[in-house]
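Asks: Please see the structure below; I have some questions.
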Amino acid sequence: MKGKVVLYLCFLMFLVQCSMPKNDGGEQQVKELIGKMTLAEKAGQMTQLSIEMISAGETNKLLEPHALDTQKLHKMIVELGVGSILNVGGHTYTKAHWDEIMGAIHTYEKMSRLKVPVLYGIDAIHGANYTVGATLYPQQISLASSFNVDLVNKMSGYVANDVRESGIPWNFSPVLDVARNARWPRFWETFGEDPYLASEMGVAMVNGYQQTQANGKPMVAACLKHYIGYGDSRSGLDRTPAYIPERQLREIFLPPFERAIEAGAKTIMINSSEVNGEPVHASKFLLQTILRKELKFKGVTVTDWEDIKNLCDRHHVASTYKEAVALAINAGIDLAMVPLDVDFTKYLIENVEEGKIEEKVLNEAVYRILLLKMDLGLFDAEGTQKMVYDTLGSEKSRNLSYELATQSIVLLKNIDGILPLNANEKILVTGPNADYINALNGGWTHTWQGRDTSYNSDVISPLKALEQNLGKEKVRYLGGNTYTQHLPVPTLLAAAKDINTVVLFLGEDTYTEKPGDIYDLELEEAQQNLIRVFAQAGKKVVVVFLEGRPRTFSKTEPLCDAILFAGLPGDAGGKAIADLLIGNVNPSAKLPFSFPRDAAVHITYDCKYTELLDNNFKPSYKPLFAFGSGLSYTQFEYSNLEISKKELKTNDSVEISIAIKNSGSRAGTEVALVYSIDEVASITPSIRKLRAFERVTLEASESKTIKMKIPVSKLRFVDINNKWVLEPGKFKFEVSQLTDSINIQP
Ligand code: GLC
């Protein structure tokens with residue numbers, strides 16, 4: 001008998017050897033481990049459960065304060081052999097509690113037969129939001145407004161430190177969805193509407209998260225999400241169908257994922273929704289043909305929440321949960337974020353036993369999962385030791401959050417230089433978001449929806465920051481957080497008596513995912529009425545938007561004297577807004593999206609020429625505020641746009657130089673945006689495409705000539721055959737309305 005067992009194991013090892021993608025560093029150890037695993041242990045490794053499944057209390061009514069349940073720990077880690085655990089039980093935890101949780105998990109790991117470490121994952125999309133005391137940074141839509149790739153990379157390193165110090169080696173971030181529909185409730189979780197900007201920011205974030213530690217291991221594994229096409233649902237409602245022809249999929253939505261995979265991203269989370277009628281979780285084309293074969297992604301694919309079960313319950317492409325398991329695993333899913341049942345594991349085993357899934361599919365998935373754990377050092381003794389860094393709640397992280405916030409808040413309008421505010425003049429501050437600090441951070445902040453104020457840290461609101469800056473005697477405040485816009489007009493006017501300038505903090509409450517669905521992008525009428533009432537009373541009206549998406553207000557926009565789009569600027573947003581309003585800081589941010597003029601139509605900056613024609617067929621459309629718009633308290637003049645070589649071949653680079661002068665009276669930073677314009681192409685060309693950007697800081701009266709090199713190959717597009725092509729012909733380059741031309745030779 002013994003001889004037969006040895007023979008079987010050797011045969012199994014041989015099979016494992018043949019079917020495994022090659023990988024350096026630990027693959028032999030992983031193969032040996034797989035060779036020892038039972039089918040049930042492999043299925044356990046492909047199972048990810050939420051922390052509720054090892055916590056005391058009912059799944060949706062956990063014991064408070066949170067505590068683990070030893071029986072559940074034993075059942076899930078020792079008996080089921082769960083591969084990964086995620087999330088919090090409803091709200092943020094102290095670091096001490098994270099230490100308890102991780103200590104318990106590691107203890108039970110060691111009781112399991114093969115002692116395979118459990119991989120813990122968390123959403124830390126703008127800081128370690130589920131660790132008490134961690135600094136929260138601007139959300140991605142605001143980070144993108146800074147166009148500051150280096151600072152985003154630095155921030156991601158700080159976040160990785162805080163996450164790993166909490167004992168967690170996996171961050172479900174960055175979001176690389178390209179947001180092309182402003183109504184979508186996760187618009188603010190993205191880097192905006194441009195694939196190039198999203199790619200640059202995504203790579204910076206991945207490199208920050210996965211920075212190498214002293215032990216040679218990455219700090220945390222990044223997780224690119226949500227692959228793919230999630231940000232372009234036709235309805236703008238979360239998790240609803242997207243219809244994206246392969247051409248557009250490849251040209252607009254794939255590049256950020258492709259670039260981040262090239263940068264070494266270790267995991268990818270899959271889009272819960274469907275593209276062209278196919279749930280992505282069941283798509284061999286998207287998960288294998290494109291992701292594995294074309295993009296050569298070798299890391300771990302993880303589902304989104306309950307999305308295998310949803311193939312049956314929501315998408316109706318499987319008649320049972322068990323059938324859905326076979327569909328998803330055969331399509332290319334490695335790890336199932338189940339996360340609130342143990343049926344997945346059971347159905348996975350049964351599917352293999354019934355021949356619906358080949359065991360080699362599990363071997364490949366488990367190989368990637370175990371190799372990821374190996375890469376992260378979880379098998380090493382120190383891999384599970386508490387990492388201690390110097391960033392959690394540190395002054396340097398708070399300073400970085402403030403610096404990013406000041407560079408992320410966009411000055412969209414400033415009539416007659418009404419801003420900076422006159423520090424000697426009394427102002428009225430009002431509006432629902434003036435003293436509501438939740439509005440600074442949005443969702444994924446101490447709680448999923450970011451609404452429960454009981455977990456907020458000592459963050460200062462814009463109102464309090466203005467009072468600190470100007471003195472309470474200079475700031476009159478009207479109303480609480482939630483009803484100001486419904487106050488009667490006489491009350492509003494009485495509050496503005498003997499005051500010339502009113503600062504309105506408008507926008508949205510916090511939300512994410514489905515709870516944030518809206519059917520109308522228009523800004524709440526009562527909020528727009530605040531603008532009307534004060535403008536019609538002859539007041540100067542300064543509006544500051546704290547919101548996750550550009551709520552339209554073109555009817556009342558003309559009544560505003562100044563407008564700041566603050567987005568979701570993070571913990572330091574209140575102070576940053578006050579410093580920008582008062583002029584302690586000079587704004588430099590630019591919009592990473594087109595601010596729609598009308599609720600019903602969202603035309604992105606890289607639109608087609610026909611989208612510009614008005615009803616007289618004259619090119620006239622323009623958004624309320626264009627992609628890339630953003631003012632400063634100084635002025636910048638561009639001149640001498642030059643392209644060194646006009647006749648170029650496909651393997652050349654376009655060498656652009658342009659002079660920028662700060663012609664104003666104070667130092668400032670300008671973000672120079674370089675667009676290409678393909679004059680004629682076999683696919684209707686966009687009116688422009690962002691190809692490069694650079695932040696330039698200039699003292700008053702200082703000039704600088706900046707030079708940029710753009711490979712001609714970057715001017716390619718996806719043709720009618722869904723292939724990237726570079727077509728010879730004339731191109732223009734545009735920087736701040738200046739243009740120069742080149743010709744690409746065949
Ligand atoms: C959510 C989100 C995803 C998140 C995951 C785990 O449904 O779609 O972005 O990472 O579940 O919390």
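Asks: Evaluate the distance, in nm, between pseudo-label points positioned 7 Å from the Cα of LYS426 and of THR240 along their respective Cα→Cβ axes.
Replies: Going from the LYS426 label point to the THR240 one covers 4.8 nm.
Asks: With the cut-off at 28 Å, tell me which of the pairs LYS61/LYS514; LYS296/LYS707; LYS296/LYS714 have Cα atoms farther apart than that.
Replies: Checking Cα-Cα distances, LYS296/LYS707 exceed 28 Å.
Asks: Once a ≥ b ≥ c are taken as the square roots of the eigenvalues of the Cα gyration tensor of the stretch 658-739, is the result rounded (a/c under 1.5), prolate (a/b larger than b/c) or oblate (a/b not larger than b/c)?
Replies: Details: a/c = 3.41, a/b = 3.04, b/c = 1.12.
Prolate shape, in that a/c is at least 1.5 and a/b is the bigger ratio.
Asks: Taking other Cβ within 10 Å of each residue's Cβ, how do ASP390, ASP606 sort, fewest first? It would help to have the intermediate numbers written out before the result.
Replies: On the way: ASP390 10, ASP606 21.
Ordered by Cβ neighbours within 10 Å, fewest first: ASP390, ASP606.
Asks: With both bridge residues required to lie in the chain, what share of the DSSP beta bridges run antiparallel, to the nearest 5%?
Replies: On the way: 52 of 96 bridges.
Counting DSSP beta bridges with both partners in the chain, the antiparallel share is about 55 percent.
Asks: Once every DSSP H run of n ≥ 4 in the chain is given -39500 (n - 2.57) and the sum is divided by its residues, what mean residue ellipticity at 222 nm do you get, rounded to the nearest 500 deg cm²/dmol?
Replies: Per the formula, -8000 deg cm²/dmol.
Asks: Here's something else I'd like to know. Expressed as an acute angle from 0 to 90° and rounded to the nearest 10, what is the orientation of the C-alpha long axis of helix 27-36 relative to the principal long axis of the chain?
Replies: Once rounded, one gets 50 degrees.
Asks: Just to confirm the filter: which GluC sites (Glu not before Pro) across the stretch 321-356 are DSSP coil and have at most 11 other Cβ within 10 angstrom of their Cβ?
Replies: GLU354
Asks: Per 10 Å bin, what is the whole-percent P(r) computed from every C-alpha pair distance within the stretch 87-158?
Replies: Each 10 Å bin holds this share of Cα pairs: 17, 36, 27, 16, 4, 0.
Asks: What chymotrypsin sites (Phe, Trp or Tyr not before Pro) in the stretch 511-541 are in a loop by DSSP, with at most 15 other Cβ atoms within 10 Å of the Cβ? Mind dumping the intermediate values first?
Replies: Numbers: sites: TYR511, TYR519, PHE534; in loops: TYR511, TYR519.
Within the stretch 511-541, the qualifying chymotrypsin sites (Phe, Trp or Tyr not before Pro) (loop, at most 15 other Cβ atoms within 10 Å) are TYR519.
Asks: Select from the stretch 573-652 those trypsin sites (Lys or Arg not before Pro) which occupy a DSSP coil region and have at most 13 other Cβ atoms within 10 Å, ordered by residue number.
Replies: Listed in order of number, the matching sites are LYS645, LYS646, LYS649.
Asks: If I fit a long axis through the Cα atoms of helix 395-408 and take the longest principal axis of the Cα atoms of the chain, what angle between them do I get, 0 to 90°, rounded to 10?
Replies: For helix 395-408, the angle is close to 60 degrees.
Asks: Shifting gears a bit: Give the lysines reachable from LYS539 as a straight Cα distance under 20 Å; neighbours fewer than 8 places away on the same chain don't count.
Replies: LYS413, LYS426, LYS474, LYS497, LYS555
Asks: Using the count of nearby Cβ atoms within 10 Å as a rough guide to exposure, how do MET102, MET205 rank from fewest to most?
Replies: Ranking MET102, MET205 by Cβ neighbours within 10 Å, fewest first, gives MET102, MET205.
Asks: Mind listing the phi-derived Karplus ³J(HN,Hα) values for the stretch 72-77, rounded to whole Hz, using 6.51, -1.76 and 1.60 with θ = phi - 60°, and x for any glycine or proline?
Replies: Values per residue, Gly and Pro as x: 5, 4, 5, 4, 7, 8 Hz.
Asks: Fewest to most neighbouring Cβ within 10 Å: what's the order for HIS446, HIS281?
Replies: HIS446, HIS281
Asks: Right, something else. Restricting to the stretch 423-529, what percent of DSSP beta bridges are antiparallel, rounded to 5?
Replies: Expressed as a percentage, antiparallel bridges in the stretch 423-529 total about 10.
Asks: Remind me, relative contact order of the stretch 594-648 in percent, using alpha carbon pairs under 8 angstrom and six or more residues apart?
Replies: Computed over the stretch 594-648, the figure is 33 percent.
Asks: For a 18 Å ceiling on Cα separation, which of these pairs sit above it: LYS110/LYS346; LYS646/LYS704; LYS31/LYS115; LYS115/LYS373; LYS31/LYS72; LYS645/LYS689? Intermediate values should be presented prior to the final figure.
Replies: Details: LYS110/LYS346 23 Å; LYS646/LYS704 23 Å; LYS31/LYS115 15 Å; LYS115/LYS373 12 Å; LYS31/LYS72 29 Å; LYS645/LYS689 20 Å.
Check vs 18 Å cut-off fails for LYS110/LYS346; LYS646/LYS704; LYS31/LYS72; LYS645/LYS689.
Asks: Using alpha-carbon positions, what is the distance between the centroids of the stretch 192-231 and the stretch 333-406, in Å?
Replies: 15 Å
Asks: Which angle between 0 and 90 degrees, to the nearest 10, do you get for helix 525-536 versus the longest principal axis of the chain when only C-alpha atoms count?
Replies: The angle comes out at about 20 degrees.
Bear in mind that the values in this text are calculations on the coordinates, not laboratory data. Remember, predicted model here, so these are calculated numbers, not experimental data. We place every Cβ from the backbone using ideal geometry, glycine too, and count neighbours over all the protein chains shown.
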